[in-house]
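Structure first, then comments.
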Amino acid sequence: MTLFHPVREREVTKAIVSSFLRQVEEYAESEVIIVGAGPSGLVAGRELAKAGLKTLIIERNNYLGGGFWIGGYFMNKITIRAPAQELLDELGVPYSPASQGLYVADAPHACSRLIAAACDAGVKVFSLTMVEDIVVRENNRVGGVVVNWSPIIHLPNEVSALDPIPLETKVVIDATGHDACVVKKLVQRGMLKMAGEGALWIDKSEDAVVERTSEVHPGLIITGMAVASVFGLPRMGPTFGGMLLSGKRAAEVAIEIVQKR
Ligand code: 48F
């Protein structure tokens, strides 16, 4: 008599492979693809899935959360300015006041609650998957992304000549942070300009990022630090309210686009 139910190795293999392949097949087409699972991407994903949209997040790392997981200065703490602590209340993340209108929370707690909330809402995630290009449609509208396994991209070409996988969608959200990786695919082809992010100025940056979260090219929305990189806005250091509220704004813009299409 053993504690666990008897199971053959082949059953474990089949369970994982068939479940994964079913998900790839199902998400070969989605309504929204979010590239990057940092704070802005996770909030956008949660809002979209809550609104009933078929939403896929693609993340190149084997962990989710981006800079939200690490917090500031490798010290595992995040700061949030009012009114963004309301989102922490909604997620059930404990925090304490640091000074007037400024709150501090444990990054792993905040991040894991946000990841769980996005998953609970119905977001699907492909991790260890890197977006390496975009799919375009008429008038260069963005109609999807082209992905590959992250480790493949780091192998020399002669070893890894592997065709990437195209995934279709109605709208793509670039939530890749400072790098703005999806935007760069358009910049390389002369379809969009990118200013590069400005110097640090906390007071200016967060409002500006939320305000300028928008569709910057047909089918492409930017959120989070990608907004600062595209429009030359100041950076903000380890304060995350702007990221969270930018993610909310990106979801609102995406819902409008999907409803029109
Ligand atoms: O950098 P990141 O956390 O982006 P964010 O949501 O938040 C920025 C803050 O963390 C912080 C800040 C403000 O407080 O300055 O930096 O704008 O998360 C971006 C995620 O995108 C992934 C990357 O691994 C990270 O988890 N990513 C980047 N490029 C790709 C990608 C790519 N080509 N394909 C898939 N994922």
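Rule-based calculations on the coordinates, nothing more; no lab input. Just so you know, these numbers come straight off a predicted model, no measurement behind them. For neighbour counting, all protein chains shown are included, and Cβ atoms are generated from backbone atoms with ideal geometry for every residue, glycine included.
Quick one: work out the % antiparallel among DSSP beta bridges in the chain, nearest 5. It would help to have the intermediate numbers written out before the result.
On the way: 22 of 41 bridges.
Antiparallel bridges: around 55 percent, rounded to the nearest 5.
Over all distinct alpha-carbon pairs, what is the Kirkwood Rh of the stretch 24-75 in angstrom? Present the calculation step by step, with values, prior to reporting the outcome.
On the way: mean 1/r = 0.0844 Å⁻¹.
When all Cα pairs of the stretch 24-75 are included, the Kirkwood radius is 11.8 Å.
In what sequence do Thr55, Thr239, Thr169 fall when counting other Cβ within 10 Å, fewest first?
Numbers: Thr55 29, Thr239 19, Thr169 24.
Lowest count first: Thr239, Thr169, Thr55.
Pop a pseudo-label 7 angstrom from the Cα along the beta-carbon direction at both Glu256 and Val159 and give the gap in nm to one decimal.
Once both label points are built, they end up 4.7 nm from each other.
Identify which of Ala118, Ala250, Ala208 has the largest mean-square fluctuation in a Gaussian network model of the chain, with springs joining Cα atoms closer than 10 Å.
Greatest mean-square fluctuation among the candidates belongs to Ala208.
Under a plain spin-label model, where a point goes 7 Å from the Cα along Cα-to-Cβ, how far apart in nm are Asn139 and Met75?
For the pair Asn139/Met75, the computed spacing is 4.9 nm.
In terms of modelled amide H atoms, which long-range or inter-chain residues lie less than 5 Å from the amide H of Gly143?
Val135, Val136, Arg137
Could you work out the helix-only [θ] at 222 nm for the chain, with each DSSP H run of four or more residues adding -39,500 (n - 2.57) and the total divided by the number of residues, to the nearest 500 deg cm²/dmol?
Working: 11 runs with 109 residues, N = 261.
The per-residue figure over the chain is -12000 deg cm²/dmol.
Could you point to the residue in Pro6, Gly41, Leu167 farthest towards the positive end of the chain's charge dipole, with +1 and -1 charges on the Cβ of Lys/Arg and Asp/Glu respectively?
Leu167
For the stretch 239-261 and the stretch 157-194, compute the distance between their C-alpha centroids and round to whole Å.
First find each Cα centre; the distance between them is then 20 Å.
For the stretch 1-98, what is the relative contact order in percent, using Cα pairs closer than 8 Å and at least 6 residues apart in sequence? Numbers along the way, then the final one.
Working: 64 pairs, mean separation 19.3, N = 98.
Once normalised by length, the contact order is 20 percent.
How big is the stretch 21-113 along each principal axis, measuring the range of its Cα positions in Å and listing the largest first?
49, 28, 16
When a footprinting reagent is the concern and you count Cβ atoms within 10 Å, what order do Ile134, Ile78 take, fewest first? Let's see the in-between values first.
Numbers: Ile134 24, Ile78 29.
Taking fewest neighbouring Cβ atoms as first place, the list is Ile134, Ile78.
Rounded to the nearest 5, what is the percent of antiparallel bridges among the DSSP beta bridges in the stretch 110-261? Mind showing how you got there, number by number?
Details: 14 of 19 bridges.
Here the share of antiparallel DSSP bridges comes out near 75 percent.
Take Leu21 and Ser96, extend 7 Å from each Cα along the Cα→Cβ direction, and tell me the distance between the two endpoints in nm.
With each label placed 7 Å out from Cα toward Cβ, I get 5.3 nm.
May I ask you to list the lysines whose Cα is less than 21 Å away from that of Lys248, ignoring any residue fewer than eight positions away on the same chain?
Lys50, Lys54, Lys124, Lys170, Lys204, Lys260
Take Thr2, Thr129 and order them by how many other Cβ atoms sit within 10 Å, fewest up front. Mind dumping the intermediate values first?
Details: Thr2 5, Thr129 24.
Ordered from fewest to most neighbouring Cβ atoms within 10 Å, Thr2, Thr129 come out as Thr2, Thr129.
With charges set only on the Cβ (+1 for Lys and Arg, -1 for Asp and Glu), what does the dipole of the stretch 136-200 come to about its Cα centre, in debye to the nearest 20? Mind dumping the intermediate values first?
Details: 7 positive and 7 negative charges, 60 e Å.
Approximately 280 debye in magnitude.
In whole Hz, with x marking every Gly and Pro, tabulate ³J(HN,Hα) for the stretch 75-84 from phi via Karplus 6.51 cos²θ - 1.76 cosθ + 1.60, θ = phi - 60°.
10, 6, 10, 10, 10, 9, 9, 4, x, 6
Below 8 Å between Cα atoms, with a sequence gap of 6+, how large is the relative contact order for the stretch 136-248 in percent?
Working: 195 pairs, mean separation 31.4, N = 113.
After rounding, I find 28 percent.
Are there any chymotrypsin sites (Phe, Trp or Tyr not before Pro) in the stretch 38-127 that are in a DSSP loop and have at most 13 other Cβ atoms within 10 Å? List them by number. Walk me through the intermediate numbers first.
On the way: sites: Tyr63, Phe68, Trp69, Tyr73, Phe74, Tyr95, Tyr103, Phe126; in loops: Tyr63, Tyr95.
Sparse-neighbourhood loop chymotrypsin sites (Phe, Trp or Tyr not before Pro): Tyr63.
Using modelled amide H (1.01 Å from N, peptide plane; none on Pro or chain starts), what sits under 5 Å from the amide H of Leu192, excluding residues fewer than 5 places away?
Val187
From Cα coordinates alone, what are the radius of gyration and Dmax values for the stretch 32-260 in angstrom?
Cα only, the stretch 32-260: 16.9, 57 Å (Rg, Dmax).
Before anything else, pin down the relative contact order of the stretch 32-260: Cα pairs under 8 Å, at least 6 apart, normalised by residue count, whole percent. Please list the in-between numbers first.
On the way: 523 pairs, mean separation 57.2, N = 229.
Reported as a whole number, the value is 25 percent.
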